[in-house]
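Below you'll find the structure, written out as structure tokens, and then a few comments.
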Amino acid sequence: MFLRTTFVIVTCTLIAACNDDNDTSAEVEGSSEVETVISDSSCDLESVNLLDFEAWQREEGWWVGEYTFLGSDGNPNVSSSWPYRYDHYKGFIHLEVVGNSIKQRNVFLYPPKDLTECTSGEDVVGSGICGTNGNEKIFSADQSASDCNGGLAGSYEAYGMMVDTSTTLMGENSVLYQVYLPDGSIMQNQLTTLPPNDTRVRTAQGFFMDQPTYASFYREKKVTKEEFMQQLADTRADYAILEEDFCGYDSGGQPSQVTCTEHFGVEITE
């Protein structure tokens, strides 16, 4: 009982401190990089080709999305450590499938806080101006096959603890992603729907101790690399994001120490 109580107290404290910025939902932004380590003796995982599955064919590519992230009260999330808007922001994702592995690199762009809500110099991250400049975060995820049915599974560190993930294909047009806390309770349920028209819709539900903590609604469109670059530049201009902040912060809001080109692994016009 003492161990259980200690786990609950420590986990409550960590998630309360970090959940404000868990805005990628599917990717669980508590960790800047997710790397899946899995094993399955029932099939030869090295021989799995994820592109044999229609859902992963549809997932691969360059994506631009319109995002909404809600808190437990059903209103747009308000973060004490990332003072930018969550009602309508944008995501730019490159998802590459090679053999039995998936490499995902994201950058999320947030519009500036409402000028009427700016109350102090702490209402920005970096050297921008509250109500004038937006900002951005990066996220990484590398995963490999866990079975011969297109599934992925593994563990990663988030909020100072290890959490388990499971990704299951549900036919050609749906993917279920789940995250579990160390005690086995659900932390996140996400459904991705992939119609055959280069669109992707993701909705996620967050939980702690079986209570809802957040929900997300992501609407994404697959584009060419050139369209990706142009829309990224246009959104940065619309949100007045400073060049020094391009890919400048990790999922926890700390300096990323990488350039956009280093993050994506390909030349990104900055």
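Over all alpha-carbon pairs of region 210-267, lay out the pair-distance distribution in 10 Å bins, whole %, shortest bin first.
Taking all Cα pairs of region 210-267, the binned fractions are 17, 39, 34, 9, 1 percent.
Please identify every one of the GluC sites (Glu not before Pro) in region 83-140 that sits in a loop by DSSP and has no more than 13 other beta carbons within 10 Å of its own beta carbon.
On the way: sites: Glu96, Glu117, Glu122, Glu136; in loops: Glu122.
Within region 83-140, the qualifying GluC sites (Glu not before Pro) (loop, at most 13 other Cβ atoms within 10 Å) are Glu122.
What distance in nm lies between label points placed 7 Å from Cα along the C-beta direction at Asp52 and Val201?
With each label placed 7 Å out from Cα toward Cβ, I get 3.1 nm.
Local charge sum around Pro255 (other residues, Cβ-Cβ under 12 Å, Lys/Arg +1, Asp/Glu -1)?
Result for the neighbourhood of Pro255: -2.
Please give me the summed charge of the neighbours of Val107: other residues whose Cβ is under 9 Å from its Cβ, Lys and Arg +1, Asp and Glu -1.
Spelling it out: positives minus negatives among the neighbours equals +1.
For region 114-187 and region 194-270, compute the distance between their C-alpha centroids and round to whole Å.
Here the answer is 11 Å between Cα centres.
From the backbone phi of region 216-229, what are the Karplus-calculated ³J(HN,Hα) couplings (6.51 cos²θ - 1.76 cosθ + 1.60, θ = phi - 60°) in whole Hz, Gly and Pro given as x?
Values per residue, Gly and Pro as x: 9, 9, 10, 10, 10, 10, 6, 10, 7, 4, 5, 5, 4, 4 Hz.
Could you derive backbone 3J(HN,Hα) for region 255-263 from the dihedral phi with the Karplus parameters 6.51, -1.76 and 1.60 (θ = phi - 60°), listing whole Hz in sequence and x where the residue is Gly or Pro?
Per residue, the Karplus-derived 3J(HN,Hα) values read x, 7, 6, 9, 8, 4, 5, 5, 5 Hz.
Cβ under 12 Å from Glu54's Cβ, Glu54 left aside: what net charge do those residues give with Lys, Arg +1 and Asp, Glu -1?
-3
Among Leu169, Leu152, which comes first, then next, by fewest other beta-carbon atoms within 10 Å?
Leu169, Leu152
For region 100-251, please report how many Lys pairs fall under 24 Å Cα to Cα, leaving out neighbours fewer than 8 apart on the same chain.
Counting lysine pairs in region 100-251 gives 8.
What is the set of long-range amide H partners of Phe207 at a cut-off below 5 Å, with H atoms built 1.01 Å from backbone N?
Counting only residues 5 or more places away or on other chains, the set is Gln188, Thr213.
Show me, for region 93-102, the HN-Hα J-couplings you get by feeding each phi into the Karplus relation (A = 6.51, B = -1.76, C = 1.60, θ = phi - 60°), rounded to Hz, glycine and proline as x.
10, 10, 10, 10, 10, 10, x, 9, 10, 10
Once amide H atoms are built 1.01 Å from N in the peptide plane, which residues 5 or more positions from Ser155, or in another chain, come under 5 Å H to H?
The answer is Val37, Thr165.
Throughout, read-outs are computed from the coordinates displayed, never taken from laboratory work. Remember, it's a predicted structure, so these values are computed and weren't measured experimentally. Methodologically, a virtual Cβ is constructed for each residue, glycine included, from the backbone with ideal geometry; neighbour enumeration extends over all protein chains shown.
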